[in-house]
Amino acid sequence: MNPPEPAVLDHLADAGWPALERERLDGWALRAAAGVTSRANSVLTAGAVADLSSAVGTAERWYATRGLPPVLQVSPASPEGLAAELQRLGYREHSRTDVLVADRSDVASGTDIASGTDIASRIEDRADERGVTIADAPSEGWLRTWWSVDGRGGEAELAVAARILTGGRALYACHGDPADPDAVARLALVGEWGGLYAVATRPEARRRGRARALAVALAGAAGAHGVSDLWLQVLSDNTAAHRLYGSLGFRHASGYAYWSRDR
């Protein structure tokens, strides 16, 4: 597959993790969700604006009225000079992230692309696929496991996160007892694309192939929903995740970072 343009990936990821509140600012989108998750509470800057300084100022006022710090997601699709303007205004870059893409069928095969090995035949390197359950909505157990690994906040924040998760079509996979799974993952369904999100494994179940099994199962199930290609986001310095996703056939297509004044 030929990787899509960065702007396409930016908008796919936006649709796959929808903010609860949004407003257009020329070619940008101001997004908010009570401060829960960076993506849902940042400016999507994949488009043109009439004036960079004025646009940033408008964004700052928009977030101030909501009691949130201004955060901007900057990618290769952002206007030229935006990073320099943000730096001039005292913003700093953080959370650099890579966007990876893959053919759905490659991931669904379970083959280690780097070595050509059929992982499904190596029981010691994967979780038991019979232990994976897929649903079209997150169960209470799914939510609790994900939040215990990746959550930031209490019950109120979890409720907001649940609204974000269910803001669009998606598949939800878990391993183990659905009421209390040891690993979970979500695949957003956006047209012919599927976006892998919320891959989380409890500490006691790590290094057992859980994340691989969930990704393979979701890729297989997505075929029935018209999905042909997959994308995901992973922090640039997450070496282990890059190794896993590279072995499944994902390759670099774009990237972005968040810019804010205060981390």
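The values are calculated or read from the model by the stated rules, or taken from the named source; none is laboratory data. Keep in mind the model is a prediction, meaning the values are calculated, not measured. As a convention, Cβ positions derive from the backbone with ideal geometry for all residues, glycine included, and neighbour counts pool all protein chains shown. Ligands, DNA and RNA are excluded from the accessible area calculation, which covers all protein heavy atoms including side chains. Shrake-Rupley method; radii C 1.70, N 1.55, O 1.52, S 1.80 Å.
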Matching helices (runs of 4 or more DSSP H) fully within the stretch 134-238 where at least 1 residues are within 21 Å of Thr111 (Cα to Cα) | 210-222
Residues of the stretch 92-122 satisfying the condition of being open to solvent by less than 60 Å² (accessible area, probe 1.4 Å), part of a strand (DSSP E or B) and at pLDDT below 95 = Thr111, Asp112, Thr117
Considering only the stretch 233-253, how many residues are under 20 Å from Arg92 (Cα atoms) and hydroxyl-bearing (Ser, Thr, Tyr)?
-> 1
Are any of the residues in the stretch 52-63 small (Gly, Ala, Ser) and under 17 Å from the mean Cα position of the chain (by Cα)?
-> no
Only one of Ala253, Ala173 that is among the hydrophobic types (A, V, I, L, M, F, W, C) and more than 24 Å from Val8 (Cα to Cα) = Ala173
Taking the stretch 28-61 and keeping only residues that are free of Cβ contacts under 8 Å to residues at least 24 places away in the same chain and in contact with a strand residue (DSSP E or B) (Cβ under 9 Å, 6 or more places away or on another chain), one is left with Ala29, Arg31
If we keep just the residues of the stretch 34-57 that are over 20 Å from Leu20 (Cβ atoms) and not small (Gly, Ala, Ser), which is least open to solvent (accessible area, probe 1.4 Å)?
-> Val56
Please specify each residue of the stretch 136-169 satisfying the condition of being of a type in the set (Asp, Glu) and in contact (Cβ under 8 Å) with a residue 40 or more places away in the chain.
-> Asp150, Glu157
Loosely packed, with under 15 Cβ neighbours inside 10 Å, farther than 30 Å from Ala156 by Cα and touching a Leu at 6+ places or on another chain (Cβ under 8 Å) - does that describe any residue in the stretch 60-82?
-> yes
Cβ-Cβ below 7 Å, separation at least six or inter-chain, first residue in the stretch 200-220 and under 13 Å from Trp146 (Cα atoms) and open to solvent by less than 10 Å² (accessible area, probe 1.4 Å), second part of a helix (DSSP H, G or I) and at pLDDT 95 or above: which pairs?
-> Ala200/Thr145; Ala200/Trp146; Ala200/Val149
Selection count, the stretch 239-263, where residues are open to solvent by 60 Å² or more (accessible area, probe 1.4 Å) and either under 22 Å from Gly110 (Cβ atoms) or free of Cβ contacts under 8 Å to residues at least 12 places away in the same chain (or both) | 5
